[in-house]
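Single-structure report; data block below.
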Amino acid sequence: MLNWPEKVKAHNFDKQPVVEGTLMGIKGQYLMLDTGVLNIRKFGGYEVEIKVAA
């Protein structure tokens, strides 16, 4: 990752079922999006649909 966010906003599927953003990087168990961070281990039992746009 070239840019680190000043303040991290964690996404939560329980509160916000749709998360959109551009994948900026992966660090450990976290997907770093331009809109915030998604903790993959926290949502291990969830069914997720990912759409990729070119």
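Every read-out reported here was derived from the displayed coordinates using simple, explicitly stated rules and does not represent laboratory data. As the structure is a prediction and not an experimental result, all values here were calculated from the model. Heads up, the Cβs are rebuilt from the backbone with ideal geometry, glycines too, and the neighbour counts pull from every protein chain shown.
Brief remarks follow.
- Inside the stretch 42-54, residues that are touching a Phe, Trp or Tyr at 6+ places or on another chain (Cβ under 9 Å) and among the basic types (Lys, Arg) make up a count of 1.
- Taken over the stretch 21-47, the criterion of being among the charged types (D, E, K, R), surrounded by 10 or more Cβ atoms within 10 Å (Cβ to Cβ) and assigned to a loop (DSSP other than H, G, I, E, B) is satisfied by ASP34 alone.
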